[in-house]
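Have a look at the structure below, then the notes.
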Amino acid sequence: MIRHKVSYFLSIAVVLVLLFFFPKPILLAVLLLEIALPLLALVLLRMDIAAMTLSLQAPVTSNVNAPLALDITYKAKRPLFSVSAVEMTLEMQNLLFHTQEERWLRIGLSSRKSSHVEFTPDMCGEWFIRASGVQCLDVFGFCAAAVPCELFCRVKVMPEQNDITIMTDQASRAKPEVGSFRVYQKGNDTAEVFELREYQEGDELKAIHWKLTSKMDRLIVREYSDSTRYDTIVLYDIALKANGEDVDKTLLSTSIGAVESLSRALVRAGIPHMAAFVFQSRIISAPIAAEADAAEFLYTLLSYPLAENSGIACQFFLAGQIQQNYESMVYFTIHSFPKELALIPADVNLDAVVVTDKDGVPVVTQPARAKVLVEVPVTYLRKNRSFRIIL
């Protein structure tokens with residue numbers, strides 16, 4: 001492009017010199033034509049932009065640290081006369097970790113209808129990829145024009161999976177039957193509505209009470225009953241900071257990879273449970289009765305931004321915002337155990353797992369009869385990809 005511009009200005013300079021020494025009408029016509037050339041290129045460029053359509057596509061899911069191919073394609077209603085390239089800035093935002101990175105691109109539009117851009121996400125979570133500042137360049141490199149389009153896509157990047165084995169030791173822990181479930185007192189009908197409330201971010205659209213919404217001028221949703229009551233809750237307390245310190249992103253990503261594995265291992269051990277995490281000021285929970293439920297729960301967790309500080313899930317539990325009374329809890333966190341963990345009532349059989357940034361092998365302690373604390377170094381988890389927990 002720069003070479004074209006240099007050649008253009010040199011040609012104008014040559015014509016001006018010739019016109020100065022040889023004032024001929026033909027030279028004047030050539031000079032006017034050269035001056036009008038950028039304007040003509042801009043007109044043709046805008047016409048080409050109106051006749052073309054750009055799109056950005058990516059796979060629905062991918063894996064962390066695996067190359068991800070982004071396809072940028074264009075379609076034109078007719079042959080393009082002036083467009084030679086497209087420039088844009090790709091903004092890649094990780095919604096889970098609150099991070100964003102940018103990449104500037106220039107894509108030549110030749111006979112190919114698409115271009116592949118490779119991107120390797122180093123963190124799991126839902127990535128929102130958007131193209132901004134999209135503009136087309138003419139063949140001479142004289143001018144550029146903005147392209148009025150919205151180019152974006154979403155990709156769920158799955159973490160590396162771990163292999164966790166759960167072994168129950170109910171006799172020594174004096175636990176009730178782990179994994180048992182009962183029926184709610186309010187009724188067995190799963191379609192029964194327990195209450196109506198205002199819509200909150202993350203609620204399903206099918207839960208909206210449209211007739212009542214139209215009368216009250218605000219979104220109202222139905223709270224349905226769940227006919228199954230689980231005695232065990234797995235509380236995932238993964239946040240960007242622990243005790244006020246930033247948590248390494250590798251530690252976070254590896255820890256999230258253990259979420260599905262832990263719930264899946266509990267199901268294999270015959271422990272159906274309720275899995276939950278905190279998003280802003282509400283609890284997001286789901287019953288896990290099969291291994292497929294664990295995979296779906298992880299898929300849900302990847303869609304929500306992580307909390308700023310760990311310990312908030314414990315605070316919710318202690319404040320009674322988790323309404324159901326559970327007899328057993330498996331608490332999963334990162335970096336270090338929060339001080340709130342010591343306040344969990346003694347009548348709750350507590351097993352707590354923390355993934356730390358230390359080296360070594362997993363360490364198990366039992367500070368109280370109803371509490372078992374397991375520390376798993378992230379280096380061990382990444383190297384061995386498996387560990388065993390005795391509940």
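The values are calculated or read from the model by the stated rules, or taken from the named source; none is laboratory data. Computed from a predicted model, the values in this text were never measured in an experiment. So basically every Cβ, Gly included, is an ideal-geometry build from the backbone, and we count neighbours across all protein chains shown. Heavy atoms of the whole protein, side chains included, go into the accessibility calculation; ligands, DNA and RNA do not. Shrake-Rupley method; radii C 1.70, N 1.55, O 1.52, S 1.80 Å.
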| query | Can you find even one residue in the stretch 307-329 that is of a type in the set (F, W, Y), at pLDDT 80 or above and within 18 Å of L266 (Cα to Cα)? | reply | yes
| request: Within the stretch 339-377, count every residue that is in a helix (DSSP H, G or I), touching a strand residue (DSSP E or B) at 6+ places or on another chain (Cβ under 8 Å) and of a type in the set (D, E). | output: 0
| query | What residue, among those in the stretch 313-338 that are open to solvent by 40 Å² or more (accessible area, probe 1.4 Å) and not in a loop (DSSP other than H, G, I, E, B), is nearest to H98 (Cα to Cα)? | reply | Q315
| query | So which residues in the stretch 34-75 are over 27 Å from the mean Cα position of the chain (by Cα) and among the charged types (D, E, K, R), if there are any at all? | reply | E34, R46, D48, K75
| Selected residue (criterion: farthest from E375 (Cα to Cα)) from residues of the stretch 347-358 that are open to solvent by 70 Å² or more (accessible area, probe 1.4 Å) and not basic (K, R) | D347
| field | Flag if L68 is in contact with a Ser or Thr (Cβ under 6 Å, 6 or more places away or on another chain), more than 22 Å from L137 (Cα to Cα) and either without any contact (Cβ under 8 Å) to a residue 12 or more places away in the chain or not polar (S, T, N, Q) (or both) | value | yes
| request: Quick one: which residue in A313, A289, A295, A275 is farther than 17 Å from S255 by Cα and aliphatic (A, V, I, L, M)? | output: A289
| message | For the stretch 82-103, check the following and say yes or no: at least one residue is exposed (fewer than 12 other Cβ atoms within 10 Å of the Cβ) and at pLDDT below 90. | response | no
| said: Against the conditions (1) open to solvent by 30 Å² or more (accessible area, probe 1.4 Å); (2) touching a helix residue (DSSP H, G or I) at 6+ places or on another chain (Cβ under 8 Å); (3) not aliphatic (A, V, I, L, M), where does P79 fall short? Just the number, please. | reply: (2)
| remark: Listed by first then second residue, the pairs whose first member lies in the stretch 1-19 and is farther than 14 Å from L137 by Cα and of a type outside the set (A, V, I, L, M), whose partner is at pLDDT below 65 and open to solvent by less than 90 Å² (accessible area, probe 1.4 Å), with beta carbons under 8 Å and at least 6 positions apart or on separate chains, are none
| field | Residue list for the stretch 132-162, filter: over 20 Å from A69 (Cβ atoms) and assigned to a strand (DSSP E or B) | value | S132, G133, Q135, C136, L137, D138, A144, A145, A146
| remark: Scanning the stretch 232-276 for residues that are acidic (D, E) and either at pLDDT below 90 or assigned to a helix (DSSP H, G or I) (or both) gives E245, D246, D248, E260
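Yes/no per residue for (1) out of contact with any helix residue (DSSP H, G or I) (no Cβ under 8 Å at 6 or more places or on another chain); (2) open to solvent by 20 Å² or more (accessible area, probe 1.4 Å); (3) among the charged types (D, E, K, R):
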| position | (1), (2), (3) |
| --- | --- |
| A239 | no, no, no |
| L252 | yes, no, no |
| E260 | no, yes, yes |
| G270 | yes, yes, no |
| L301 | no, no, no |
| G311 | no, no, no |
| query | Can we say S55 is of a type in the set (S, T, N, Q), at pLDDT below 80 and surrounded by fewer than 16 Cβ atoms within 10 Å (Cβ to Cβ)? | reply | no
| note | Of the residues in the stretch 277-290 that are under 22 Å from the mean Cα position of the chain (by Cα) and outside any strand (DSSP E or B), the one that is modelled with the highest pLDDT is Q280
| query | Somewhere in the stretch 166-185, is a residue among the charged types (D, E, K, R), assigned to a loop (DSSP other than H, G, I, E, B) and modelled with pLDDT of 60 or more? | reply | no
| note | Picking from A41, A51, A29, the residue that is free of Cβ contacts under 8 Å to residues at least 12 places away in the same chain and farther than 18 Å from H116 by Cβ would be A29
